[in-house]
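Values in this text are rule-based calculations from the coordinates and carry no lab data. Computed from a prediction, not measured in an experiment: that's the story for all the values here. We place every Cβ from the backbone using ideal geometry, glycine too, and count neighbours over all the protein chains shown.
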Amino acid sequence: MNAILPRYSGTIGESVAHDAVEVEIMVDDTAAAVAPPAINAAATKTDGLGCHAGKTELSAAAKAAGKSEILDRYAADYPKGPHDQPQSMCPAFGSLRVGLRMRRTATILSGSACCVYGLTFTSHFYGARRSVGYVPFNSETLVTGKLFEDIREAVFKLADPALYDTIIITNLCVPTASGVPLDLLPDEINGVRIIGIDVPGFGVPTHAEAKDVLAAAMLEYARKEVEQGPVQAPRGGRSERPTVALVGEMFPADPVGIGMMLEPLGLAAGPVVPTREWRELYAAL
C-alpha cells in the first residue's frame, strides 16, 4: 500500500511543501488473531523496583545487597519521628551543597538521571558556580557491576592534584539499593582524597542529616591524617585561646556572637562544621 506521509500538519503544514514518500505496509493476519496478554491490574497499583520504588522495597534491596550496616547506622543516628519523613526534595541536596561550597573539592553523583537533574538544577539555582559530575547507568551496568567500574574510571580521570584536594562521590537511591560499593574505591589518587558516601532518600530523612553524613565522613578521614603526622594549619593561623568547634549552619554574624559569649570563659569560636576548606577540619578536631 502506498501512503503520503506529511512532514508537518496543522497551520505549519499549510505553509510547508510536503515530500511524498512511498511506504510499503505489511499486515500480519496471524498476529492480529493472537489475543493480547492479560494485564495484571494489581501490579499497576504498586511501586516498581526502580527509581520510584517504595522505601520498603528499596531498603530491603539495599540490605540484601550488603548495605545493612550503613542503613542500621542511619536508623540509629537519625530516628524518625511520628511524621516519618517530611515531604521535601531529595535529602542528598544537603550533602551536595556542602561539597559545592568547599574549596578545591569536586563532587560526583551516581543515581537516576531524573534525580541528578533535580539536584543539579536546584544547586545551581542556589548559586553553585561549579560543575557536578555524573556517572550514568542502565540496567545492564547496574546488574553486572560495570557501574562501579565506571565510577572508578571517572574518579581516576578527575583526580588532578593541581585542581582538587578532595573528590566526593555520592550514591543516591538506586545505586545504594543495588549495593554499589563505594568503600572499595582508593582512599586517595595522586594525592587527592577520595570520599564515597551513601545518601539514599529511604535511609536519610532530610537535608540536615545528609550534611551530617558527609561532614562525619570527612572528619573521620581528617582524623586519620592527624594521627599519621603534621597537617596544614588553618588559613588564618592557630588561635591563641582554645577553640570550640561549631556544628551546623551558621549565618555570617553567628560565630561573632558565639565568640563574644565564649570570651569570658577564655575560649574562642572555632571552625564551623561543615567547613569551607579541608584544612579547617583539622582545627575542628
Problem set entry | Under 27 Å from the Cα of Lys55 - lysines, other chains or at least 8 residues apart | Lys45, Lys63, Lys67, Lys80, Lys146, Lys211
Seminar exercise, completed: By the Cα gyration tensor axes a ≥ b ≥ c (a/c under 1.5 gives rounded; else a/b larger than b/c gives prolate, otherwise oblate), the shape of the range 243-284 is oblate
Exercise. Calculated FRET efficiency, Arg235 and Lys146, Cβ-Cβ r, R0 35 Å, to nearest 0.05?
Worked result: 0.30
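Once you sort the root eigenvalues of the Cα gyration tensor of the range 206-285 as a ≥ b ≥ c, which label holds: rounded (a/c under 1.5), prolate (a/b larger than b/c) or oblate (the other case)?
Oblate.
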Exercise. Using unit Cβ charges (K, R positive; D, E negative) and no other charged atoms, how large, in debye to the nearest 20, is the dipole of the range 55-228 about its Cα centre?
Worked result: 560
Seminar exercise, completed: For the range 112-248, whose charge dipole is built from +1 on Lys and Arg Cβ atoms and -1 on Asp and Glu Cβ atoms, the candidate among Phe125, Thr206, Ala113 with its Cα farthest towards the positive end is Phe125
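Given the Cα-Cα distance of Ala60 and Gln228 and 0.36 nm per residue of separation, how much length would full extension add, in nm?
Extra length available between Ala60 and Gln228 comes to 56.6 nm.
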For this session: Answer rounded, prolate or oblate for the range 126-285, using the Cα gyration tensor with square roots of eigenvalues a ≥ b ≥ c: rounded when a/c is under 1.5, else prolate when a/b is larger than b/c, else oblate.
Result: prolate
